[in-house]
Amino acid sequence: MAKVNYYLTKPQGRQTVNRDRRSLLKATGAGALLGLSACSTWGSPEELAVRQIEPLRDYVRERIRIEDIPGAAVVVATKERVIHAEGFGVTRAGTTESVNADTVFQIGSTTKAFLAATLAMAVDDGALGWDEPLAHLEPAFRLSDASRTERVTPADVLAHATGLSAYVYDTMWILGYPLESRLRALANVPLTAGYRDKAQYVNNLHTVVGRAIARRAGATSWEAYVQQRLLNPLGMLRSSVTQAGLYGATGHAWGHQHIDGRLKALSEVGSYWYEAGAGPAGSINSTANDLGRWLRFQLGRGEIDGRRLISTSGIQRTWQPLIPNKDGGSALGWGVLELPQGRLISHDGGTAAFGSNVMLLPEHGIGIAVLTNHAQEGLPFAISRWFAGYVLGESVSDLRAGFSRPAPAPQLATVALSRPASAYEGQFDSPSLGRATIKALGVNLTLTLLEVGAVLRLRPVRGPDHFLAEVLPQGRFSEVVVEGFNPFFAVDFRFSSNATLIEVAINGAGNSGYEVHQLQVM
């Protein structure tokens, strides 16, 4: 099976630490699993978990100190009770406000399991069917292959089985393109995998699934639906689905990144992580205590404290790999690893400045969730996996042994324009980004994306007619700059032999290949 990533979006620019994305399904690599023993040798899984709490606390303290992480929160639970919930470190670097089990964090892509749960709930209610094509639920949904369009279901979206390239057009929701524009763009993207052949991690379609669920259920939005039907009934009363829900919470955490080797607290998180942007792909804010309720509910197969919210079969359907392999596979909002002792079901979350992991050991009745107020680098998963190893009776080495952050990417020097600035000017159209203009002011060039109003400065670097595009911090686009997404695009101009501008190619600044746009001269 191809590599499956369980993060929300691939950061660009200065946030280099996330470029080497870790896969859940490679969790037992790199010497992590040294040997297996029967859990019964040392007692029940719950007894093992209880005995391991003090070593877990020590491990978390040690790792956040070594890795210069400001704060973290951890919860361990069974279906009957929370065994332990605790905060570590501080909510913001340079302050003394301690993280506790009620501190609110962004949880990023672990939101996707909540979307899967609401899908199961809607199926239980008869609002839609597991195998109902997404195009029947959302008429605006189209892929470049008409036959594929008719086959894709909401479950395919949640298991990343559509065949769209990984992370395709994430930059569009970061820039504020509405869902309708993103769907228009995705309809023209070539598919890079067969239907259900391999998991390729796509964020953009989760909003479509959420909107379809809400429409069929008669809710105003998926955010309202998940709050009313899942978060509130579960007693996750400090959890929310809006930017205001994060900043309005007393004692919330602040996000952090390491920038040029130094820890920095970010003054804001982007509104694009929420309803109008990532939405059901990553919009939930939560706490260790609240995630303890979520763990109990999952381990209870849809039931908590005697109250059933989702059928057992519905929860188990979300855990079932839609793209299986010999070790597990990609399920609905979860990755599954099959071990001799049972399944390990997990998902990471990462926004620009927060990291998380939720992990279930359903055959052992134990779950753990980890939150950090630092950009996702794999530590939350490593903590969960370290703890799970002891519950499973493994002899487990430290996945973080030898961890170091990559050196900051060198700043590319600005070079002189290879032709007059006026040669680059023009009006353009793109099947994905829509209308755009490029203008020169002296020797400076700006690219304006007219649909969303984003203005990007074009800086010539490395060879003729090659530029890096940096979003200017105007209005709401200040969030993009604060969260470190510059340089945003790489831009290449193509001219004819008589120096006439033919087209402009736009790619993701990290040259990942998942972000490709063409601007045609009008």
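Does segment 98-111 include one or more residues that are surrounded by 24 or more Cβ atoms within 10 Å (Cβ to Cβ), in a helix (DSSP H, G or I) and in contact with a Pro (Cβ under 6 Å, 6 or more places away or on another chain)?
Looking for residues that are surrounded by 24 or more Cβ atoms within 10 Å (Cβ to Cβ), in a helix (DSSP H, G or I) and in contact with a Pro (Cβ under 6 Å, 6 or more places away or on another chain), one finds none in segment 98-111, hence no.
With respect to ARG92, determine if the residue is over 21 Å from GLY389 (Cβ atoms), outside any loop (DSSP other than H, G, I, E, B), in the same structural domain as LEU237 (by TED's automatic domain parsing) and at pLDDT 95 or above.
Against the criterion (over 21 Å from GLY389 (Cβ atoms), outside any loop (DSSP other than H, G, I, E, B), in the same structural domain as LEU237 (by TED's automatic domain parsing) and at pLDDT 95 or above), ARG92 does not qualify.
Give the residue, chosen from GLY402, GLY389, that is modelled with pLDDT under 95 and either at negative phi or aromatic (Phe, Trp, Tyr) (or both).
Exactly one residue qualifies, and that residue is GLY389.
Taking segment 113-139, which residues are part of a loop (DSSP other than H, G, I, E, B), closer than 18 Å to ASN204 by Cβ and in contact (Cβ under 8 Å) with a residue 60 or more places away in the chain?
If the condition is that a residue be part of a loop (DSSP other than H, G, I, E, B), closer than 18 Å to ASN204 by Cβ and in contact (Cβ under 8 Å) with a residue 60 or more places away in the chain, then GLU138 is the only one that fits.
Is it the case, given these coordinates, that TRP319 is closer than 24 Å to THR162 by Cα, at pLDDT 95 or above and crowded, with 19+ Cβ neighbours inside 10 Å?
For TRP319, the condition - closer than 24 Å to THR162 by Cα, at pLDDT 95 or above and crowded, with 19+ Cβ neighbours inside 10 Å - is met.
So which residues in segment 425-465 are closer than 15 Å to LEU519 by Cβ, over 29 Å from the mean Cα position of the chain (by Cα) and not hydroxyl-bearing (Ser, Thr, Tyr)?
Those that are closer than 15 Å to LEU519 by Cβ, over 29 Å from the mean Cα position of the chain (by Cα) and not hydroxyl-bearing (Ser, Thr, Tyr): GLU425, GLY426, GLN427, PHE428, ASP429, ILE438, LYS439, LEU445, ASP465.
When the residues of segment 475-491 are narrowed to those that are touching a residue at least 24 places away in the same chain (Cβ under 8 Å) and of a type in the set (Gly, Ala, Ser), which ends up farthest from ASP465 (Cα to Cα)?
SER478
Limited to segment 164-188, what total is found for residues that are in contact with an Asp or Glu (Cβ under 7 Å, 6 or more places away or on another chain) and surrounded by fewer than 24 Cβ atoms within 10 Å (Cβ to Cβ)?
Summing the residues that are in contact with an Asp or Glu (Cβ under 7 Å, 6 or more places away or on another chain) and surrounded by fewer than 24 Cβ atoms within 10 Å (Cβ to Cβ) in segment 164-188 gives 1.
Give me a count of the residues in segment 322-335 that are touching a helix residue (DSSP H, G or I) at 6+ places or on another chain (Cβ under 7 Å) and surrounded by fewer than 22 Cβ atoms within 10 Å (Cβ to Cβ).
Residues that pass the stated criteria total 2.
The values are calculated or read from the model by the stated rules, or taken from the named source; none is laboratory data. Predicted, not measured: the structure shown is a model, and the values here were computed from it. Methodologically, a virtual Cβ is constructed for each residue, glycine included, from the backbone with ideal geometry; neighbour enumeration extends over all protein chains shown.
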